[in-house]
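The values are calculated or read from the model by the stated rules, or taken from the named source; none is laboratory data. Everything quoted here is computed from the prediction, not taken from an experiment. All Cβ positions, even for glycine, are placed from backbone atoms using ideal geometry, and neighbour counts span all protein chains on display.
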Amino acid sequence: MQIVHEYCCGLDVHKDTVVACVITPEGKSLRTFGTMTRDLMALADWLAEKGVTAVAMESTGVYWKAPYNLLESFEFTLVVANARDMKAVPGRKTDMKDAEWIADLLRHGLLKESYIPTKEQRELRELVRYRRTLIRERSQVVNRIQKVLEGVNIKLSSVVSDVMGVSGRAMIEAMVAGEEGPEALAGLSKGRLRAKQVTLEEALRGQVGQHQRLVLDSLLRHVDFLDKEIARMDEDVSSWLGSSDDVIGRLDGIPGIGRRTAEDIIAEIGLDMSRFPTSAHLASWARICPGNNESAGKRRDSSTRSGNHWLQQALVEAAQQPLARRRATSRPCSTVWQEAGAPSVPQSPWPMPSWSSYTT
């Protein structure tokens with residue numbers, strides 16, 4: 001079999017240890033290192049001493065990141081591969097044999113390299129993903145507020161679309177302050193919600209105890225804290241992407257995609273679209289399209305494979321936004337146009353940019 005890398009190394013990475021197997025024309029060498037910074041520096045020095053030019057490792061949880069980040073500063077060709085693409089022979093699995101198997105696959109060019117973005121994009125990913133975690137946590141706290149209200153038979157979420165909106169927040173704060181009268185609470189409504197005064201009074205007729213007030217007060221302060229942190233992360237991400245306003249503006253022009261979603265997409269796929277020849281390649285890499293399962297001319301059911309769930313979540317949310325706005329209307333769009341005398345429903349007024357507009 002053809003040898004692609006004469007001087008190569010396979011790393012079997014764990015939480016506390018890294019098993020390294022170096023293969024050179026002189027033979028094999030095996031050593032075990034720790035995962036502290038000093039140990040990884042010793043690993044890099046040993047690889048350089050052996051003349052290693054290429055290093056491969058499994059994408060094991062988050063443990064591969066520390067060796068990768070440190071070895072990235074040296075002149076090594078680094079390859080990170082998915083564990084399912086490099087399984088060894090069953091029944092002969094040890095850390096030493098795994099490292100040898102990885103090194104052997106790398107030596108003959110049989111590893112399918114995973115996409116590892118640049119250091120700058122990886123840092124942007126951490127910011128954007130942490131912001132999304134904060135947003136998810138805020139949603140959980142708001143759901144907890146609704147759960148507390150439901151427990152005392154306050155049906156505010158049945159009338160108000162957003163319990164943390166201006167009106168809903170004012171009513172909850174009044175409850176925390178000790179207000180119990182449904183008429184007084186309903187009087188805090190703003191805007192179009194005033195038309196639902198009678199329904200609001202019925203929804204706000206409950207029994208809020210002292211311990212529920214304490215819990216609601218704590219939850220409201222938690223929401224305020226998360227709002228401040230999310231706003232801070234928005235500023236940090238915007239300053240990080242200051243030179244990408246043109247790309248963000250083009251993504252923002254797609255229905256369902258706002259600035260925050262555009263920043264999420266850029267953080268996950270980067271700005272270099274040369275690695276995606278077409279939009280179909282990007283959809284396949286993001287795993288938002290079903291796989292192929294065909295045999296004997298028959299196509300079988302094939303579920304969507306797991307991929308970058310951060311990108312999947314952003315794209316699915318963007319796709320659902322126009323549908324949510326359409327469902328919010330009182331009547332179907334087709335009915336409105338037919339009543340207006342139109343022969344058929346017109347095309348969407350939003351121009352859909354082509355894939356080439358994002359690759360130029």
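Any residue in segment 197-211 that is closer than 25 Å to ARG138 by Cβ and free of Cβ contacts under 8 Å to residues at least 12 places away in the same chain? Taking every residue of segment 197-211 in turn, at least one turns out to be closer than 25 Å to ARG138 by Cβ and free of Cβ contacts under 8 Å to residues at least 12 places away in the same chain. For segment 77-87, state whether one or more residues are more than 26 Å from the chain's Cα centre (by Cα) and at pLDDT 90 or above. So far as segment 77-87 goes, yes, one or more of its residues are more than 26 Å from the chain's Cα centre (by Cα) and at pLDDT 90 or above. Taken over segment 46-74, the criterion of being under 17 Å from PRO117 (Cα atoms) and either exposed (fewer than 12 other Cβ atoms within 10 Å of the Cβ) or not assigned by TED's automatic domain parsing to the domain that holds THR17 (or both) is satisfied by GLY61, VAL62, SER73.
Residues are listed down the side, and each one gets a yes or a no for (1) touching a helix residue (DSSP H, G or I) at 6+ places or on another chain (Cβ under 6 Å); (2) closer than 15 Å to VAL13 by Cβ:
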position: PHE33; (1), (2): yes, yes
position: MET36; (1), (2): no, yes
position: VAL52; (1), (2): no, no
position: MET57; (1), (2): no, yes
position: VAL62; (1), (2): no, yes
position: GLU75; (1), (2): no, no
position: ASP104; (1), (2): no, no
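Scanning segment 171-193 for residues that are surrounded by fewer than 14 Cβ atoms within 10 Å (Cβ to Cβ), part of a helix (DSSP H, G or I) and in contact with a helix residue (DSSP H, G or I) (Cβ under 9 Å, 6 or more places away or on another chain) gives ALA177, GLU183, ALA184, GLY191. Of LEU200, LEU214, which residue is surrounded by 18 or more Cβ atoms within 10 Å (Cβ to Cβ) and assigned to a helix (DSSP H, G or I)? Of the residues listed, the single one that is surrounded by 18 or more Cβ atoms within 10 Å (Cβ to Cβ) and assigned to a helix (DSSP H, G or I) is LEU200.
Against the criterion of being touching a residue at least 24 places away in the same chain (Cβ under 8 Å), hydroxyl-bearing (Ser, Thr, Tyr) and either out of contact with any Ser or Thr (no Cβ under 8 Å at 6 or more places or on another chain) or within 20 Å of LEU315 (Cβ to Cβ) (or both), SER218 does not qualify. Residues in segment 261-299 that are of a type in the set (D, E, K, R) and surrounded by fewer than 19 Cβ atoms within 10 Å (Cβ to Cβ): ASP272, ARG275, ARG287, GLU294, LYS298, ARG299. Only one entry in ASP234, ASP252 is under 29 Å from GLN146 (Cβ atoms) and acidic (Asp, Glu), namely ASP234. The number of residues in segment 277-312 that are in contact (Cβ under 8 Å) with a residue 24 or more places away in the chain and within 19 Å of ASP264 (Cα to Cα) comes to 9.
Entry remark, segment 32-41: residues being exposed (fewer than 14 other Cβ atoms within 10 Å of the Cβ) and touching a strand residue (DSSP E or B) at 6+ places or on another chain (Cβ under 8 Å) number 1 in total. Looking at this structure, is GLY253 under 24 Å from GLU120 (Cα atoms) and modelled with pLDDT under 90? The answer is no for GLY253. Selection of strands (runs of 3 or more DSSP E) fully inside segment 1-80 by the criterion of at least 3 residues being free of Cβ contacts under 8 Å to residues at least 40 places away in the same chain and not β-branched (Val, Ile, Thr) returns 27-34.
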